[in-house]
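**Student:** For reference, the structure I am asking about is given below.
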Amino acid sequence: MRLLRLNSWLLLTCLLASCGSAYRSLQRTGGDAACIKRFQPQFTGSVLYNTQVEVLNHHFSGLLVFKPMPDSSMRVVFMTETGVKFFDFAFGKDGSFTKHYMLPKMDRKAVVKTLKKDFEMVLMRQDPATAEAFMKDDLRYTAFKLKKGKIYYITDKDCRALLRVENGSGRKPVVEAWLTAYRNGVPDSILIQHKVVKFNISSQRVEK
């Protein structure tokens, strides 16, 4: 009987721990939220990435293109090496979003919404004036509110190195992204991983 009670207590403890929020222990802090702008990719001309996309049991490969436009919007296009488009989006300087094209088989509201959020994380075009700053375990979390959840840019405490980006629900990260090996303000590698379903985007910069 005592062993049964012990096992029940351990099970309850594990369940409570699993339900705990990954962001519960964040402590609000001060400092200039604009420091994360140093990590914003500086796409001053068209930049190409060899890209692999895994969605459930489907695999796509091709070229991901970031292209700044004269109106200060950013065009993001994913296409095959022969030029057949999977999608073509535009992200406006004012926060607007335009779907110019989506492959009919992929053209679902949830898919478009997911890709929009993913690339907003990468482009980092949020206004720092709307940010909140937190600390946890010597890491700095610069947070921007979404309709549901927040985007967290996680750096070292001095905001000198970008460690990862998270799209977090109220309790845990649902998407994580890494921008690494910056050269002249542009990351050589971009990796986006979804936590709930298998949906991963892996990109390596192509030298022209």
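**Student:** Assigning unit charges at the beta carbon (Lys, Arg +1; Asp, Glu -1) and nothing else, what dipole magnitude in debye, to the nearest 20, does region 54-147 show about its Cα centre? Mind dumping the intermediate values first?
**Tutor:** Values: 16 positive and 12 negative charges, 74 e Å.
Magnitude of the dipole: close to 360 debye.
**Student:** On C-alpha positions alone, give me the angle between the axis of helix 2-19 and the longest principal axis of the chain, in degrees, nearest 10.
**Tutor:** Once rounded, one gets 30 degrees.
**Student:** Order by neighbour count: 166, 120, 132, fewest other Cβ atoms within 10 Å first, most last. Kindly include the intermediate steps, with their values, before the conclusion.
**Tutor:** Details: 166 24, 120 18, 132 15.
Starting with the residue having the fewest Cβ neighbours, the order is 132, 120, 166.
**Student:** Show the residues, 5+ positions off or on another chain, whose built amide H is closer than 5 Å to the amide H of residue 164.
**Tutor:** 154
**Student:** Oh, and also: Kindly give the semi-axes, whole Å and largest first, of the ellipsoid equivalent to the chain, taking each as the square root of 5 times a Cα gyration tensor eigenvalue.
**Tutor:** Working: eigenvalues 226, 105, 46 Å².
With the √(5λ) rule applied to the chain, the semi-axes are 34, 23, 15 Å.
**Student:** Give a residue-ordered list of calculated ³J(HN,Hα) values for region 61-74 (Karplus: 6.51 cos²θ - 1.76 cosθ + 1.60, θ = phi - 60°; whole Hz; x for Gly, Pro).
**Tutor:** Computed from phi, the couplings for region 61-74 are 9, x, 10, 9, 10, 10, 9, x, 10, x, 8, 6, 7, 10 Hz.
**Student:** Run down the aspartates and glutamates and flag those whose C-alpha is under 16 Å from the C-alpha of residue 136, throwing out any fewer than 8 positions away in its chain.
**Tutor:** 156, 158, 166
**Student:** For region 81-208, what does the relative contact order come out to in percent, with C-alpha contacts under 8 Å and a separation of six or more? Present the calculation step by step, with values, prior to reporting the outcome.
**Tutor:** Numbers: 193 pairs, mean separation 14.3, N = 128.
In percent, rounded to a whole number, it is 11.
**Student:** With charges only on Cβ, +1 for K and R and -1 for D and E, what is the dipole size of the chain about its Cα centre, in debye, rounded to 20?
**Tutor:** Once rounded to the nearest 20, the dipole reads 720 debye.
**Student:** For the Cα atoms of the chain, what angle does the longest principal axis make with the long axis of helix 109-123, in degrees from 0 to 90, nearest 10?
**Tutor:** That works out to roughly 90 degrees.
**Student:** Next question, about the same structure. Check which residues have an amide H placed less than 5 Å from residue 135's amide H, if you skip close sequence neighbours.
**Tutor:** 27, 28, 29, 141
**Student:** While we're on this one: From the helices alone, meaning DSSP H stretches of at least four residues, give me the mean residue ellipticity at 222 nm for the chain, per-run term -39500 (n - 2.57), in deg cm²/dmol to the nearest 500.
**Tutor:** Details: 2 runs with 33 residues, N = 208.
When only DSSP H runs of four or more count, the value is -5500 deg cm²/dmol.
**Student:** Give the cross-link partners of residue 113 among the lysines, using a straight C-alpha distance below 19 Å as the criterion and excluding same-chain residues fewer than 8 apart.
**Tutor:** 85, 93, 99, 105, 145, 147, 148, 150, 195, 198
All of the numbers you see were taken from the coordinates with simple rules; none came from a lab. This structure is a prediction, so every number in the text was calculated from the model and none was measured. In this analysis, Cβ positions are derived from the backbone assuming ideal geometry, glycine residues included, and neighbour counts consider all displayed protein chains.
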